[in-house]
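Sharing a structure, written as structure tokens. Questions coming.
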Amino acid sequence: MKNNVNIKKPQGKLGVMIPGLGAVATTFISGVLLTKKGLGRPYGSLTQMGTIRLGKRTEKRVPKIKDFVELAELEDLVFASWDVFPDNAYESAVKAGVLNKEHLDPIRKELESIKPLPAVFDRNYVKKLDGPNKKTAANKYELALQLMEDIKKFKQENSLDRLVMIWCASTEIFMKPGPVHQTVDSLEKAMKENDPAIAPSMIYAYAAIRSGIPFVNGAPNLTVDIPAMFDLAKKHQVPIAGKDFKTGQTLMKTIIAPGLKARLIGLNGWFSTNILGNRDGEVLDDPESFKTKEESKLGALEYILQPDLYPDLYGKFYHKVRINYYPPRQDNKEGWDNIDIFGWLGYPMQIKIDFLCRDSILAAPIVLDLVLFIDLAQRAGFRGIQEWLSFYFKSPMCAPELYPEHDLFIQLMKLKNTLRYLKGEKLITHLGLEYYD
Ligand SMILES: NC(=O)c1ccc[n+]([C@@H]2O[C@H](COP(=O)([O-])OP(=O)(O)OC[C@H]3O[C@@H](n4cnc5c(N)ncnc54)[C@H](O)[C@@H]3O)[C@@H](O)[C@H]2O)c1
């Protein structure tokens, strides 16, 4: 299959700029450093371990994804970060308590060299946090210019060829798109007037896009999911993606729900509760930040189960999500799901899940894949929302006239077909009639 996509080769170094040097960011960076030294394996990463089938099943062509598409090498990644706390990546990783000493000791020097730049931070958007490492300026537009200066300096000092930015900072309070989010002009005017509708994450995203850098949003914040940012991304020819890394309980939901629907098993209720004790949990203990997360977590089931198409099966299910901050658990979250289902003739059944997961261990490979794929998207000339990366998000961004696709398996098919498309390979439909002619 021919296409007109010309993918530029990933030559030189790729800068990875991360707002938020907390548990997820340090676990991601540490994993990359350990993998490079042969001291760890990048489990969970599609770009590092995944394969892709090409052509007919009889052809037996199943290369590794990283041998099929031109991705940046781990060797070529260079990291920088912003955080309100001045701790370097080593100190922050120790505090986060995700990785043990045996993993952190061999990469201590490299981690210590990553010192966070002063952040664009405003307590009004993350109520439970505050720290000393902050920028000051007359208005939000000026703050964006300072971030753009940081970006320029990082690029020059490290002789980088390309950059990406990925938001791994805290979840901000719940915000809805408003009038100032509609156009680039209204967005810039609002930034200059210090309008409260401009959250810090938007200032980072604005700075990235204006600098021609792809932006990925790992939290459920509104950030780039507004028309002004779609336009800005098109104008500056930059891909954007979000939002909220799909890990833990929502990952489980998007694995199980498509299965129930495939077999037309009905649902009366799905109750999900979590205990977690990391800083993310502390931030989410604030009702306004939790509301942002709750919206993100609730959406998946509705979209997967399509109650409007299956009113008898999914028209009345009760869905509840709880997050409880419980410090003793640190990053080791426990998520319980009680799922009340019904089958043939309406007989009720139950499924119970107790997922003892490690949040940042699940998030780190997602960060790596998103960094490498959004850089690929940039080199392939893709612009604006990258729906093919929905696979990685709890609230996938999509074109305004579409509904988001939440089913993990459809998302994976979409991702792999996009890679096949990029390389001019036949898309796989799974029809397979040709084997039986
Ligand atoms: N771990 C997961 O499985 C997972 C899944 C989905 C989404 N997320 C999201 O990823 C983000 C990071 O999670 P985490 O566990 O690493 O949290 P964390 O609290 O350990 O780290 C977040 C860091 O961001 C910093 N920060 C906050 N606002 C900032 C700003 N404006 N600029 C710069 N730094 C800022 C904080 O000081 C903190 O160090 C959170 O928003 C979380 O909701 C995590």
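Every number in this text was worked out from the coordinates using simple rules, so none of it is lab data. Please read all numbers here as calculations on a predicted model, not as lab measurements. For neighbour counting, all protein chains shown are included, and Cβ atoms are generated from backbone atoms with ideal geometry for every residue, glycine included.
Show which aspartates and glutamates lie in cross-link reach of Lys60 when reach means a straight Cα distance below 17 angstrom and same-chain residues fewer than eight apart are skipped.
Output for Lys60: Glu425, Glu434.
Relative contact order, percent, of the chain when contacts are C-alpha pairs under 8 Å separated by at least 6 residues?
It rounds to 20 percent for the chain.
Additional query: Return the loop-located GluC sites (Glu not before Pro) in region 377-411 (DSSP other than H, G, I, E, B) with at most 12 other Cβ atoms within 10 Å of their own Cβ; answer none if there are none.
Glu401
When the scattering of region 367-437 is computed by the Debye formula from its Cα atoms alone, each counted once and equally, what is log10 I(q)/I(0) at q = 0.15 Å⁻¹?
Results for region 367-437 at q = 0.15 Å⁻¹ read -0.56.
In Å, what is the Rg of the alpha-carbon atoms in the chain, and how long is Dmax?
Over the chain's Cα set, Rg and Dmax evaluate to 21.7, 72 Å.
Could you pull out every one of the lysines with an alpha carbon less than 19 Å from that of Lys297, ignoring same-chain neighbours closer than 8 positions?
Lys176, Lys243, Lys246, Lys253, Lys261, Lys316, Lys320, Lys333, Lys352, Lys394
Right, here's the next one. Find the relative contact order for region 248-357 and round it to a whole percent, using C-alpha pairs within less than 8 Å whose residues are 6+ positions apart.
40
Turning to a different aspect of this structure: Magnitude of the Cβ-charge dipole of the chain, K/R +1 and D/E -1, about the Cα centre, nearest 20 debye?
It comes to approximately 1060 debye.
Sorting Cys357, Cys168, Cys398 on the 10 Å Cβ count, fewest up front, what's the list?
Fewest-to-most ranking of Cys357, Cys168, Cys398: Cys398, Cys357, Cys168.
Next up: So what does log10 I(q)/I(0) come out to for region 15-171 at q = 0.17 Å⁻¹, using the Debye formula with one equal point on every Cα and no solvent?
-1.05
For region 112-182 and region 361-400, what is the separation of their C-alpha centers, rounded to whole Å?
20
Could you tell me which residue out of Pro200, Leu427, Val94 lies farthest along the dipole of the chain toward its positive end? Charges go on the beta carbon: Lys and Arg +1, Asp and Glu -1, centred on the Cα centre.
Leu427
Among Val371, Val180, Val94, rank each residue by its count of other Cβ atoms within 10 Å, from fewest to most, as a rough exposure measure.
Val94, Val180, Val371
Within the chain, what percent of beta bridges assigned by DSSP are antiparallel, to the nearest 5?
45
Could you tell me which residue out of Val84, Asn139, Gln386 lies farthest along the dipole of the chain toward its positive end? Charges go on the beta carbon: Lys and Arg +1, Asp and Glu -1, centred on the Cα centre.
Toward the positive end, the furthest listed residue is Gln386.
Can you work out the Karplus-derived ³J(HN,Hα) for every residue in region 317-323? Use 6.51 cos²θ - 1.76 cosθ + 1.60 with θ = phi - 60°, whole Hz, and x for glycine or proline.
3J(HN,Hα) across region 317-323, in whole Hz: 6, 9, 10, 9, 10, 10, 10.
Would you mind classifying region 211-370 by shape? Square roots of the alpha carbon gyration tensor eigenvalues, ordered a ≥ b ≥ c; an a/c under 1.5 is rounded, otherwise it is prolate if a/b is larger than b/c and oblate if not.
oblate
Something else now. Could you please rank Asp161, Asp375, Asp337, Asp331, placing first whichever residue has the fewest other Cβ atoms within 10 Å of its Cβ?
Starting with the residue having the fewest Cβ neighbours, the order is Asp161, Asp337, Asp331, Asp375.
Let me ask something additional. Name the long-range amide H neighbours of Lys13: under 5 Å, sequence gap of 5 or more, or other chain; modelled H, no Pro or chain starts.
Distant-sequence amide H within range of Lys13: Asp161, Arg162.
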